[in-house]
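Q: Supplied in structure tokens, the structure appears directly below.
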Amino acid sequence: MPRGAIVNARVPQVTSSALGRTDFRMGGDNTLTFTGRLRSVKYALRGIRIMVVSQHNAWLHAVATVVVVGAGALVGLSGSEWCWIVLAIVSVWTAEALNTAFEFLTDVASPTFHPIAGKAKDVAAGAVLLAAGGTVVIGALVFWPKVIDLLQ
């Protein structure tokens, strides 16, 4: 097989309409069907399951999520405070999911150690750390006044 050959790849089909619009579609049936959307959700849920099962940090995020949601319910967060907490939680989970995907892709692209592959993994892990750090700041801003009220 020649270097750079792509096997079993779905090549985008590009078409132009009379109005000058360009339509990019992957090969195959692209109709929006209810069962097709359900299949997409099934694959997404499978991806989340793979992340949770394969990544130890995802377990830590799960525990932190349960603790923070419980604490928020206990202290009676307002609607706007819940918005900040949910945004923080989702940002960490999203960063962890992307980190996991980058790790899997890097392992496929570079099965043996390569310094640049290692850098890519480090940057992806750094993104999770940044999201987690921002989450700690948001948590402190939301929960600190509640803690002070409880201590008085």
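Bear in mind these aren't lab numbers, they're just calculated from the coordinates by the rules spelled out. Since we're looking at a predicted model, the values are computed, not measured. Note that each Cβ is placed from the backbone with ideal geometry, even for glycine, and that neighbours are counted across all protein chains shown.
Q: Do any residues in the stretch 105-125 that are closer than 16 Å to residue 51 by Cα have Cβ atoms under 9 Å from those of residues that are of a type in the set (Val, Ile, Thr) and part of a helix (DSSP H, G or I), where the two are at least six apart or on different chains, and which pairs are they?
A: Pairs found: 121/106; 124/100; 124/106.
Q: How many residues are in contact (Cβ under 8 Å) with a residue 12 or more places away in the chain and of a type in the set (Gly, Ala, Ser) when one looks only at the stretch 77-97?
A: Total satisfying the criteria: 4.
Q: Does residue 100 satisfy the criteria of being of a type in the set (S, T, N, Q), in contact (Cβ under 8 Å) with a residue 40 or more places away in the chain and assigned to a helix (DSSP H, G or I)?
A: When the stated conditions are applied, residue 100 passes them.
Q: Yes or no: residue 107 under 21 Å from residue 47 (Cβ atoms) and surrounded by fewer than 12 Cβ atoms within 10 Å (Cβ to Cβ)?
A: Spelling it out, residue 107 is indeed under 21 Å from residue 47 (Cβ atoms) and surrounded by fewer than 12 Cβ atoms within 10 Å (Cβ to Cβ).
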